[in-house]
Amino acid sequence: MSLRDRLNRRKNGGTAQLPAGPEAEPSAAPAVVDDVPPPAAPAPRQAAAAAEPAEAELSALDQLKVTLHRRLVDRLDLNALEQISDERERVAQIRQVVLEFLRNESTPLSQAERDEVVEEIIYEVTGLGPIEPLFRDPTITDILVNGAREVYVERRGRLTR
């Protein structure tokens, strides 16, 4: 599944279909659209009213991640991003945009929290989201996902939650 497929599905609630024809053709444009200003953050009262029930239960840090992720998806040029064959370059461009968004946020974050937010958003966009760190861990031989809150990993033949 391509990066465009994953992001379109996330953005449209998992049911997106890719356009056929000339719109689906790759372009040589930069991966990040600089001439489109990022959407203004809604007022706190509007954001709470517009939030989905699941988002209303999120912590402030998790809500910040959701907001940054949406702004990133709105700003990315998926066709151009897919044309970048070097994964490090693709991640560097995404990291640069997310850091720019964080600089414009008023939420106070420590450097460790800032780094964590950036990495989690990169995992969401380019990888397997919250299980990406497990996938990259060489000591894990198996990952079992039975639900959002029920994940098991196998290390050295032992299954742990």
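Values in this text are rule-based calculations from the coordinates and carry no lab data. Everything quoted here is computed from the prediction, not taken from an experiment. Note that each Cβ is placed from the backbone with ideal geometry, even for glycine, and that neighbours are counted across all protein chains shown.
Averaging 1/r over every pair of different alpha carbons in the range 78-117 and inverting the result gives a Kirkwood radius of 11.4 Å. Taking Lys and Arg as +1 and Asp and Glu as -1, the other residues whose beta-carbon sits under 11 Å from that of residue 123 total -3. Against the empirical curve 2.2 N^0.38 Å, the C-alpha radius of gyration of the range 46-161 lands at a ratio of 1.22.
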